[in-house]
Amino acid sequence: MSAYDLLLFLPAAILMAIPMGPSNFLCFSNALNHGAVPAGVAGLGRVAGFGLLIVLAAFGLGAVLAKGAWLLIAIKWFGVAYLAWLGWRLWRAPTPDLEAARAGGGTAPRVSTWVLMRREFTTAIVNPKAILYFTAAFPQFIGHADDFTTRFLILGLEYLFFEYLVLWLYAALGSGLGRSGLLTGLRSWINRVTGISFFGFAGWMASSG
């Protein structure tokens, strides 16, 4: 695959990574409550999840899912249940007093980076439409090349690079707002809004075809 092919795919990769879907919303919330670095490191779980879906799509699982309606429906409803559960957890999340914790005058509720990473991974893989999206979008930049699978995986690596880059931008934004003091007294409401958003994502997934 030539450098020109990779440059041609670049705008699409960025546009695919930027939207404020469940994964980016989760990263923003993690950064707001726990800081940019934990949120960014936890984002490796998302990269692993999307990477797994890309590999499966490269080897034809997307076509299998498209034909196996029962499997697609099963994954879909598991995803709906998980997003709703995550919304409930975020709604009830304790409000961390980050400034007091930094100054040694308070205790911030701690959630391990491993837990945040697991949430990122699961949020990435529970949406069956993601693998169908990769299956539909990537071939547009490959054509009918003999080394289709290799090219698919190369485009996948490029996409994951920009996905992780955009993830850090959301982490920086969430952390910056959290440290600015602009949201003082509003954190509990932000957690609730985030929880409601995940209920909305679950509802959207449930109602989509």
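From L160, L153, L116, L167, which residue is modelled with pLDDT of 90 or more, surrounded by 16 or more Cβ atoms within 10 Å (Cβ to Cβ), in a helix (DSSP H, G or I) and touching a Phe, Trp or Tyr at 6+ places or on another chain (Cβ under 8 Å)?
Numbers: L153 fails: touching a Phe, Trp or Tyr at 6+ places or on another chain (Cβ under 8 Å); L116 fails: touching a Phe, Trp or Tyr at 6+ places or on another chain (Cβ under 8 Å); L167 fails: touching a Phe, Trp or Tyr at 6+ places or on another chain (Cβ under 8 Å).
L160 is the lone residue from the list that is modelled with pLDDT of 90 or more, surrounded by 16 or more Cβ atoms within 10 Å (Cβ to Cβ), in a helix (DSSP H, G or I) and touching a Phe, Trp or Tyr at 6+ places or on another chain (Cβ under 8 Å).
Can A36 be described as more than 20 Å from Q140 (Cα to Cα) and modelled with pLDDT under 85? When the stated conditions are applied, A36 does not pass them.
Does the stretch 82-93 contain at least one residue that is at pLDDT 80 or above, in contact with a Leu (Cβ under 8 Å, 6 or more places away or on another chain) and closer than 16 Å to L26 by Cα?
Taking every residue of the stretch 82-93 in turn, none turns out to be at pLDDT 80 or above, in contact with a Leu (Cβ under 8 Å, 6 or more places away or on another chain) and closer than 16 Å to L26 by Cα.
Residue-level check: of (1) among the hydroxyl-bearing types (S, T, Y); (2) modelled with pLDDT of 80 or more; (3) out of contact with any Ser or Thr (no Cβ under 7 Å at 6 or more places or on another chain), T123 misses just (3).
Residues are listed down the side, and each one gets a yes or a no for (1) over 17 Å from the mean Cα position of the chain (by Cα); (2) modelled with pLDDT of 85 or more:
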site: P19; (1), (2): no, no
site: G45; (1), (2): no, yes
site: L53; (1), (2): no, yes
site: F59; (1), (2): yes, no
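The values are calculated or read from the model by the stated rules, or taken from the named source; none is laboratory data. Given the structure is predicted, the values throughout are model-derived calculations rather than measurements. Cβ coordinates were reconstructed from backbone atoms using ideal geometry, including for glycine residues, and neighbour counts include every protein chain displayed.
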